[in-house]
């Protein structure tokens, strides 16, 4: 357990109070399902950037990056670099056609192009993948709260779950967006100060080249070229197929705003990893026997001014809360829109609003139940599985719907989604293939879709 000074507690709880105030403020302006899930489609670029960055810059971008840098060095930057590039690609190529559709969820978009079966399969697959990402964030948050305050896992989980519910259960996307803006400000301030302190500490390391030889500390492919590229591509594909980020685009007032907000979120995400890398390496030099996952919080407690450190700890906590909030809201929106409105034919706006809210509550509870049952598991393992499930079956049909609409048969699209996702899961858990599960799924998807496109061309000939 860390010893937090009065200054740490002041910075932590003052930021927490601001966080709660924003959630309450957002809740007062939510009176419909669309207002809850899409901010009434009036979100500006700042709110969109906050919603996306509040989810994408989470525990993996901060604690996870510092953790990897503690053991491997600069290769840890690939994660936030990939997050930023994925968002930039979405801003450039996906924001306009997705926002112009006027829809609410990615499965609805696929339903428009391929039919209801494809939409329902995409909703189920995406929800499962996003849930696993929420589990990863929950595991990180439980460990952080537990070590900061000496709480047992269920107590730490209850605190984080309460913060998640308070953020998104009442305020919806607007609450998540406001929280994301506050979180990015807190993390930006703390990492700017901590990054400079870490750079100074590294400059003072005696015999620097001996402590940090090029391999692995400054080799960007320290995990191997093929593994690094596989993880990077999985990150790009998985993020592009995530309802949470697409939902933020749908909430924009127009297509231009959707692209601008997503672009800003991407540009904000890329540099977050650099101070975390410096912090991880500095903590390795100072405390080589410390558990790597604690590198960032320990540095904030011991090496920066207490109030700034407290703000930073709150920012990291909010990064976990914001990630789970955004991911749970994405699932809740798909359940309300695709199953409530689409399958069950619910038309009452208030009923859809409460269905969305209780779906968020159920997803949050399930994510923490799974996290508590797997508290000792690897966080990145859940993230990689999440990315594979999100992208393996959905990415290629989605890309064709966006860039070549009308070319793929709806039945073929639905079959490809189902088989590709099944192949990714079986390749990972049943056959234990050495290939990344994402690429197993993409290969099956490409074969099924390719056969369908070829058959269509032969018929036309």
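Packing-wise, with mean Cβ within 10 Å as the measure, how do 295-307, 426-438, 324-336 rank, highest first?
Sorting 295-307, 426-438, 324-336 by mean packing, highest first, produces 324-336, 295-307, 426-438.
Relative to the first principal axis of the alpha-carbon coordinates of the chain, what is the inclination of helix 349-373, with its axis defined by its Cα atoms, in degrees from 0 to 90 and to the nearest 10?
Tilt of helix 349-373: around 50 degrees.
Which order do the peptides 68-75, 393-400 take when ranked by the mean count of other beta-carbon atoms within 10 Å per residue, highest first?
By packing density, highest mean first, the sequence is 393-400, 68-75.
Tell me the label-point distance for the pair residue 432, residue 229, using the 7 Å Cα-to-Cβ offset, in nm and rounded to one decimal.
2.7 nm
Cα gyration tensor of segment 220-330, axes a ≥ b ≥ c as square roots of the eigenvalues: rounded (a/c below 1.5), prolate (a/b > b/c) or oblate? Display every interim value, and only then the final one.
Working: a/c = 2.42, a/b = 1.46, b/c = 1.66.
Cα axes put segment 220-330 in the oblate bin.
If I model a spin label at residue 6 and residue 290 as a point 7 Å from the Cα along the Cα→Cβ vector, what separation in nanometres do I get?
Inter-label distance under the simple model: 2.5 nm.
Let me have the 222 nm mean residue ellipticity of the chain computed from DSSP H runs of 4+ only, each contributing -39500 (n - 2.57), with the sum over all residues rounded to the nearest 500.
Value at 222 nm, helices only, nearest 500: -24500 deg cm²/dmol.
To the nearest 10 degrees, how steeply does helix 170-203 sit against the main Cα axis of the chain, on a 0 to 90 scale?
40 degrees
Order of 354-364, 45-55, 148-158 by packing, highest average Cβ count within 10 Å first? It would help to have the intermediate numbers written out before the result.
Working: 354-364: 20.7, 45-55: 27.9, 148-158: 15.9.
Put in order of decreasing packing, that is 45-55, 354-364, 148-158.
If you find the alpha carbon centre of segment 104-147 and of segment 430-461, how far apart are they in angstrom?
22 Å
Could you compute the FRET efficiency for residue 13 and residue 375, with r as their C-beta to C-beta distance and R0 at 30 Å, rounded to 0.05?
Calculated value: 0.70.
Return the ratio Rg/(2.2 N^0.38 Å) for segment 414-455, where Rg is computed over Cα atoms only.
Ratio of Cα Rg to 2.2 N^0.38 Å: 1.15.
Shape of segment 392-461 from its Cα gyration tensor (a ≥ b ≥ c, root eigenvalues): rounded if a/c is under 1.5, otherwise prolate when a/b > b/c, or oblate?
It is prolate, given that a/c is not under 1.5 and a/b is the larger ratio.
What FRET efficiency, computed as 1/(1 + (r/R0)^6) with R0 = 41 Å and r the Cβ-Cβ distance, is obtained for residue 455 and residue 256, rounded to the nearest 0.05?
Values: r = 39 Å, r/R0 = 0.95.
Result of the calculation: an efficiency of 0.60.
So what's the chain giving for Cα Rg divided by 2.2 N^0.38 Å, two decimals?
Ratio of Rg to 2.2 N^0.38 Å for the chain: 0.95.
Pairs of Cα atoms under 8 Å, at least six residues apart: use those to get the relative contact order of the chain, whole percent.
Relative CO of the chain lands at 33 percent.
Is the C-alpha gyration tensor of segment 356-434 telling us rounded, prolate or oblate? Criteria: a/c under 1.5 is rounded; beyond that, a/b larger than b/c is prolate, otherwise oblate.
Since a/c reaches 1.5 but b/c is at least a/b, the shape of segment 356-434 is classed as oblate.
Let's test the formula: R0 of 30 Å, r as the Cβ-Cβ distance of residue 221 and residue 100. What FRET efficiency results, to the nearest 0.05?
0.15
Read-outs: derived from the displayed coordinates by stated rules, not from any lab. The model shown is predicted, which means the values in this text are computed figures rather than measured ones. A quick note on method: Cβ atoms are made from the backbone with ideal geometry, for glycine too, and the neighbour counts reach across all protein chains shown.
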